[in-house]
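Asks: If you scroll down you'll find the structure; I have some questions about it.
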Amino acid sequence: MSDEANKGLLSPLRRKLLMGMAAVPAVTMLPRASFAQAPATSAVNTTGLAVTDTEVTVGILHSATGTMAISETGSIEAEKLAIEQINAAGGVLGRKIKFIQEDGASDWPTFAEKAKKLLVNDKVAAIMGCWTSASRKAVLPVMEQYNGMLYYPTFYEGLEQSKNVIYTGQEATQQILAGLNWIAKEKGAKSFFFIGSDYIWPRTSNKIARKHVENVLKGKVVGEEYYALGSTQFNSVINKIKLTKPDVIFTDVVGGSNVAFYKQLKAAGIDLSKQPLLTISVTEDEIDGIGGENIAGAYACMKYFQSLDNPNNKAFVPAFKKAWGEKTVIGDVTQAAYLGPWLWKLTVEKAGSFDVDKIAAASPGVEFKGAPEGYVRIHENHHLWSKTRVGRAKLDGQFELIYETADLVEPDPFPKGYQ
Amino acid sequence: MFGDYSIGDLGSIFVMQGFAGLILFSVYVLMALGLAIIFGQMGVINMAHGEFMILGAYVTWMTSNFFQSYLPSLFSGYFFLAMILAFLASGALGMLVEWVLIRHLYKRPLDTLLATWGLSLMLQQAYRSIFGAREVGVELPQWMLGSLHVTDSIEVPINGVFVMGLTVLITIGVAYIMFRSRWGRQVRAVVQNRIMAGAVGINTAKVDRYTFALGCGIAGVAGSAFTMIGSTGPTSGQLYIVDTFLVVVFGGAASLLGTIASAFSISQTQSTLEFFMSGSMAKVLTLLAVVGILMLRPQGLFALKVRK
């Protein structure tokens, strides 16, 4: 199934990309590996990966079906785009990237099984994949046992670090702390109401946020509520919010619940232009479903917004739309997924080898100057140094950049004093 | 927990919380009605109920897009047409499904569970292929957004009031059809004794088909109405299915009154508990209470006495 799907996608996509390639300065800025210099396969591949003299195979492992397809579709699109662009710019160590796509089907054991298939049968050099923490946790032991390399795009709760994973999204402190600092300073916020979906990411994130509010900002958490994944009724908690009158509503509600929450918030007469709300779970992708008019005025704390004004992003957004349709929106995770293939390529070139051990060792310090979010660098702990940004949702479903940290924020997956 | 608040504040919160409970009640009744008809009258366990609802939601989305592009001047009223179209679309699909799938399984009720579950997976993937994996946002006319300003501190969501009104209308409609019309008498006759009903000249196959279509059509209207309060995506139907079955089973399968009573008690328990504790805890306690009551009364709150 996967090979056929690849071919079907490759040719029209490649044509479109080549047409748009002239408009992609980010790509031309990067060092080009020319085919003439391609080093011998025996030298760059000592562990039997799927590398030939002209090709190298990687895996893409996301949910194309099931509940998570809503979120993971953007990541698949971004990774395919990055691979196309890398190939158009000369490939990796003179080799074209070929990809095998597997479907995790929103089912965590399936993810583990497909990861094993990619590593053991297909001998892929790297896997771009996973989205939920549950799928990553299922795949992690497979990656470690068969010594694979996973590029994981989603912002997540932290408390993890592995030689075999590069985390291209933010861990919790990177995402939360700067945003809380900003809203406390800007809005003079002292009291916070937390509401989230009931699973590990919101609970861990809120734990960190609570410690920060209480110990650092000297504020007060007036409510902390969790609703089961998929809940569609929020009227009671909205009444509690009305009763406690918090300075800031801090939310990490996900999935279909998100849509219900913002629609009901609006219907209950809470005007987000007057009642500050800071979310760490709504990107441009989610607003598509929520509707701009229901969330306009809310603040989101992310590292990337489609509206970012920098040369890399100005090339990235049109290229993405050209490949996947004018109406497609690009959220934070989609951008992080786009980083995966690029970071892998840069690391392979730095290491001069496709071997997983050498890539893991060479990763710290690898920098990607063409990142749509601006600039990123891999930290010793395999997470990325990146900026934290706050945007305000507009009626058209885009965010307006309100604040960004002056410097890159250091990733800290095991934050001291926050556990 | 209420020490810090003034009497006025508390009073208005309790009023609004009462409304929240009533809205939840209407939502439960609306989503359970279609299933109650199919399950109660035909004994078919329709696991694809949520997908019939989402078909209604997608029809609403398409109608809204159509009006925005071609008839922007009439946009403020499109929702009524959308609900009618949702009813027709889901009803037609229901009729087709009954003809292709369900009618072969009447003698094997448990197999309908498996068959309709498979159907729900097929419909989900169909929506994903046709409308895309991402959720779509249904744009509503301006008058349906926001809230009614009763006093300074009491605000009632307009979409909630709309759902309540709709629920009352549809419930009255269904009750009328079932208990006053000629067709309703035929349906009840078939439920009580299929062979005798056939013998006195009722076309039982046709009655079955229209009953199933009616249940699915009402699901479509519910889905259409829920675009105001929830999400519209290929798997959004799954969000409703558990609560729907809970309401129908707790109410007693064959009873319309039971469905309403059960929706009322579950929604009031849940919304009251939600106010005093966290959302997930409230759900746990509600489910525990339901389990407890069903252990004492396995037939549900109201059960018709039917000769077996």
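Asks: Kindly indicate the residue of segment A:46-60 that is of a type outside the set (D, E, K, R) and in a loop (DSSP other than H, G, I, E, B) and also farthest from A:ILE287 (Cα to Cα) among those meeting that condition.
Replies: So in segment A:46-60, the residues of a type outside the set (D, E, K, R) come out as A:46-52, A:54, A:56-60.
Filter once more, keeping what is in a loop (DSSP other than H, G, I, E, B): A:46-50, A:52, A:54.
Details: A:THR46: 46, A:THR47: 45, A:GLY48: 44, A:LEU49: 41, A:ALA50: 40, A:THR52: 43, A:THR54: 42 Å.
If we take residues in segment A:46-60 being of a type outside the set (D, E, K, R) and in a loop (DSSP other than H, G, I, E, B), then A:THR46 is farthest from A:ILE287 (Cα to Cα).
Every residue, every condition in (1) surrounded by 24 or more Cβ atoms within 10 Å (Cβ to Cβ); (2) free of Cβ contacts under 8 Å to residues at least 12 places away in the same chain; (3) touching a helix residue (DSSP H, G or I) at 6+ places or on another chain (Cβ under 8 Å), yes or no:
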position: A:SER273; (1), (2), (3): no, no, no
position: A:PRO276; (1), (2), (3): no, no, yes
position: A:THR279; (1), (2), (3): yes, no, no
position: A:GLU286; (1), (2), (3): yes, no, yes
position: A:ILE295; (1), (2), (3): yes, no, yes
position: A:ALA300; (1), (2), (3): yes, no, no
position: A:TYR304; (1), (2), (3): yes, no, yes
position: A:ASP309; (1), (2), (3): no, no, no
position: A:ASN312; (1), (2), (3): no, no, yes
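Every residue, every condition in (1) in the same structural domain as A:MET68 (by TED's automatic domain parsing); (2) in contact with a Lys or Arg (Cβ under 8 Å, 6 or more places away or on another chain); (3) touching a residue at least 24 places away in the same chain (Cβ under 8 Å); (4) under 18 Å from A:TYR152 (Cβ atoms), yes or no:
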{"position": "A:PRO341", "(1), (2), (3), (4)": "yes, no, yes, yes"}
{"position": "A:PHE354", "(1), (2), (3), (4)": "yes, no, yes, no"}
{"position": "A:ASP357", "(1), (2), (3), (4)": "yes, no, yes, no"}
{"position": "A:ALA360", "(1), (2), (3), (4)": "yes, yes, yes, yes"}
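Asks: Scan segment B:232-244 and give yes if some residue there is of a type in the set (Val, Ile, Thr) and more than 14 Å from chain A (Cβ to nearest Cβ), otherwise no. Give the steps one after another, and end with the answer.
Replies: Here is the first cut: in segment B:232-244, the residues of a type in the set (Val, Ile, Thr) are B:232, B:235, B:241-242, B:244.
With the extra rule that they be more than 14 Å from chain A (Cβ to nearest Cβ), the set shrinks to none.
Scanning segment B:232-244 turns up no residue that is of a type in the set (Val, Ile, Thr) and more than 14 Å from chain A (Cβ to nearest Cβ).
Asks: Just a yes or no: is a residue in segment A:389-398 basic (Lys, Arg) and farther than 30 Å from B:VAL138 by Cα?
Replies: Looking only at segment A:389-398, we keep the residues that are basic (Lys, Arg), and these are A:389, A:392, A:394.
When the remaining residues are screened for being farther than 30 Å from B:VAL138 by Cα, the result is none.
Checked segment A:389-398: no residue is basic (Lys, Arg) and farther than 30 Å from B:VAL138 by Cα.
Asks: Being β-branched (Val, Ile, Thr) and within 14 Å of chain B (Cβ to nearest Cβ) is the filter; apply it to segment A:193-213 and report the residue that is nearest to the chain's Cα centre (by Cα). Steps first, please.
Replies: Our first condition is that a residue be β-branched (Val, Ile, Thr); within segment A:193-213, this holds for A:195, A:200, A:204, A:208, A:213.
After this cut, where a residue has to be within 14 Å of chain B (Cβ to nearest Cβ) as well, the list is A:195, A:200.
Working: A:ILE195: 22, A:ILE200: 17 Å.
If we take residues in segment A:193-213 being β-branched (Val, Ile, Thr) and within 14 Å of chain B (Cβ to nearest Cβ), then A:ILE200 is nearest to the chain's Cα centre (by Cα).
Asks: Go through (1) more than 13 Å from the chain's Cα centre (by Cα); (2) crowded, with 19+ Cβ neighbours inside 10 Å; (3) outside the structural domain of B:GLY165 (by TED's automatic domain parsing) one by one and return the number of the condition B:ALA263 breaks.
Replies: So the condition that B:ALA263 fails would be (1).
Asks: Among what's in segment B:131-168 and is hydrophobic (A, V, I, L, M, F, W, C) and more than 30 Å from B:GLY11 (Cα to Cα), pick the residue that is surrounded by the fewest Cβ atoms within 10 Å (Cβ to Cβ). So that I can check it myself, show each step before the final result.
Replies: Here is the first cut: in segment B:131-168, the ones hydrophobic (A, V, I, L, M, F, W, C) are B:131, B:133, B:136, B:138, B:140, B:143-145, B:148, B:150, B:154, B:156, B:158, B:161-164, B:166, B:168.
Those left that are additionally more than 30 Å from B:GLY11 (Cα to Cα): B:131, B:133, B:136, B:138, B:140.
Working: B:PHE131: 17, B:ALA133: 24, B:VAL136: 24, B:VAL138: 26, B:LEU140: 23.
Within segment B:131-168, the match that is surrounded by the fewest Cβ atoms within 10 Å (Cβ to Cβ) is B:PHE131.
Asks: In addition: Being surrounded by 23 or more Cβ atoms within 10 Å (Cβ to Cβ), touching a residue at least 12 places away in the same chain (Cβ under 8 Å) and aliphatic (A, V, I, L, M) is the requirement here; does A:VAL376 meet it?
Replies: Working: surrounded by 23 or more Cβ atoms within 10 Å (Cβ to Cβ): yes; touching a residue at least 12 places away in the same chain (Cβ under 8 Å): yes; aliphatic (A, V, I, L, M): yes.
Against the criterion (surrounded by 23 or more Cβ atoms within 10 Å (Cβ to Cβ), touching a residue at least 12 places away in the same chain (Cβ under 8 Å) and aliphatic (A, V, I, L, M)), A:VAL376 qualifies.
Asks: Is one or more of the residues making up segment A:309-325 more than 9 Å from chain B (Cβ to nearest Cβ), of a type in the set (Asp, Glu) and more than 22 Å from B:MET144 (Cβ to Cβ)? Can you show your working first?
Replies: Our first condition is that a residue be more than 9 Å from chain B (Cβ to nearest Cβ); within segment A:309-325, this holds for A:309-325.
The next check asks that each one be of a type in the set (Asp, Glu); those that pass are A:309.
Applying the additional criterion that residues be more than 22 Å from B:MET144 (Cβ to Cβ) yields A:309.
Yes, segment A:309-325 contains a residue that is more than 9 Å from chain B (Cβ to nearest Cβ), of a type in the set (Asp, Glu) and more than 22 Å from B:MET144 (Cβ to Cβ).
Asks: Is there a residue being buried (at least 24 other Cβ atoms within 10 Å of the Cβ) and more than 30 Å from B:VAL97 (Cβ to Cβ) anywhere in segment B:23-38?
Replies: yes
Asks: Which members of segment B:121-139 meet the condition of being facing chain A (nearest Cβ under 8 Å) and under 20 Å from B:ALA219 (Cα atoms)?
Replies: Once the filter is applied, which keeps residues that are facing chain A (nearest Cβ under 8 Å) and under 20 Å from B:ALA219 (Cα atoms), segment B:121-139 yields B:GLN125, B:ARG128, B:GLU135, B:VAL136, B:GLY137, B:VAL138.
Asks: Could you tell me whether segment A:284-301 includes any residue that is under 15 Å from the mean Cα position of the chain (by Cα) and not acidic (Asp, Glu)? Give the derivation first.
Replies: Of segment A:284-301, the ones under 15 Å from the mean Cα position of the chain (by Cα) are A:284-286, A:300-301.
Next cut, not acidic (Asp, Glu) only: A:300-301.
Taking every residue of segment A:284-301 in turn, at least one turns out to be under 15 Å from the mean Cα position of the chain (by Cα) and not acidic (Asp, Glu).
Asks: Please go through segment A:154-189 and pick out each residue that is among the charged types (D, E, K, R) and surrounded by fewer than 24 Cβ atoms within 10 Å (Cβ to Cβ). Full working, then the answer.
Replies: Within segment A:154-189, the first condition is being among the charged types (D, E, K, R), and the residues that meet it are A:157, A:160, A:163, A:171, A:185-187.
Scanning segment A:154-189 gives A:GLU157, A:GLU160, A:LYS163, A:LYS185, A:GLU186, A:LYS187.
Asks: Ok, one more. B:GLY165: more than 14 Å from chain A (Cβ to nearest Cβ), within 28 Å of B:TYR58 (Cα to Cα) and without any contact (Cβ under 8 Å) to a residue 60 or more places away in the chain, yes or no?
Replies: Details: more than 14 Å from chain A (Cβ to nearest Cβ): yes; within 28 Å of B:TYR58 (Cα to Cα): yes; without any contact (Cβ under 8 Å) to a residue 60 or more places away in the chain: yes.
So B:GLY165 fits the description; yes.
Asks: Does segment B:34-44 hold any residues that are of a type in the set (A, V, I, L, M, F, W, C) and closer than 16 Å to B:GLY300 by Cα, and which are they? Lay out the reasoning, then the answer.
Replies: In the first step, residues of segment B:34-44 are kept if they are of a type in the set (A, V, I, L, M, F, W, C); the result is B:35-39, B:42, B:44.
Result: B:LEU35, B:ALA36, B:ILE37, B:PHE39.
Asks: Let me ask you something else. Select from segment B:277-286 the residues that are in contact (Cβ under 8 Å) with a residue 12 or more places away in the chain and hydrophobic (A, V, I, L, M, F, W, C) and write down the one among them that is nearest to the other protein chains (Cβ to nearest Cβ).
Replies: Our first condition is that a residue be in contact (Cβ under 8 Å) with a residue 12 or more places away in the chain; within segment B:277-286, this holds for B:282-283, B:285-286.
Cutting the leftovers down to hydrophobic (A, V, I, L, M, F, W, C) gives us B:282, B:285.
Working: B:ALA282: 8, B:LEU285: 13 Å.
Applying the filter and picking the extreme gives B:ALA282.
Asks: While we're here: Sort out which residues of segment A:207-224 are over 11 Å from A:PHE194 (Cα atoms) and among the acidic types (Asp, Glu), and write them in order of number.
Replies: Hit for segment A:207-224 is A:GLU214, nothing else.
Asks: Still on this structure: Quick one: in segment B:194-231, of everything that is without any contact (Cβ under 8 Å) to a residue 40 or more places away in the chain and part of a loop (DSSP other than H, G, I, E, B), which residue is nearest to the other protein chains (Cβ to nearest Cβ)? Before the answer, list the steps.
Replies: Kept after step one, since they are without any contact (Cβ under 8 Å) to a residue 40 or more places away in the chain, are these residues of segment B:194-231: B:194-204, B:206-207, B:230.
Within this subset, residues satisfying the condition of being part of a loop (DSSP other than H, G, I, E, B) are B:200-203, B:230.
Working: B:VAL200: 45, B:GLY201: 45, B:ILE202: 40, B:ASN203: 39, B:GLY230: 4 Å.
The qualifying residue nearest to the other protein chains (Cβ to nearest Cβ) is B:GLY230.
Asks: Further question: Looking at (1) in a helix (DSSP H, G or I); (2) without any contact (Cβ under 8 Å) to a residue 60 or more places away in the chain, can you tell me which one A:GLN175 breaks?
Replies: Result: A:GLN175 passes all but (2).
Asks: Next up: If the requirement is being over 18 Å from B:GLY50 (Cβ atoms), within 13 Å of chain A (Cβ to nearest Cβ) and among the hydrophobic types (A, V, I, L, M, F, W, C), which of these qualifies: B:LEU148, B:LEU88?
Replies: Numbers: B:LEU88 fails: within 13 Å of chain A (Cβ to nearest Cβ).
After applying the criteria, what remains is B:LEU148.
Asks: Could I ask something else about it? Got a sec? Which of B:LEU30, B:LEU22 is among the aliphatic types (A, V, I, L, M), within 22 Å of A:ALA267 (Cβ to Cβ), within 12 Å of chain A (Cβ to nearest Cβ) and under 19 Å from the mean Cα position of the chain (by Cα)?
Replies: Working: B:LEU30 fails: within 12 Å of chain A (Cβ to nearest Cβ).
None of the others qualify; the one that does is B:LEU22.
Asks: If you don't mind, another one. Looking only at segment B:256-267, decide whether some residue is within 23 Å of A:THR67 (Cβ to Cβ), part of a helix (DSSP H, G or I) and within 14 Å of another protein chain (Cβ to nearest Cβ). Working first, answer last.
Replies: Of segment B:256-267, the ones within 23 Å of A:THR67 (Cβ to Cβ) are none.
Taking every residue of segment B:256-267 in turn, none turns out to be within 23 Å of A:THR67 (Cβ to Cβ), part of a helix (DSSP H, G or I) and within 14 Å of another protein chain (Cβ to nearest Cβ).
The values are calculated or read from the model by the stated rules, or taken from the named source; none is laboratory data. No experiment lies behind these values; they were computed from the predicted model shown. Note that we place each Cβ from the backbone using ideal geometry, even for glycine, and neighbour counts take in every protein chain shown.
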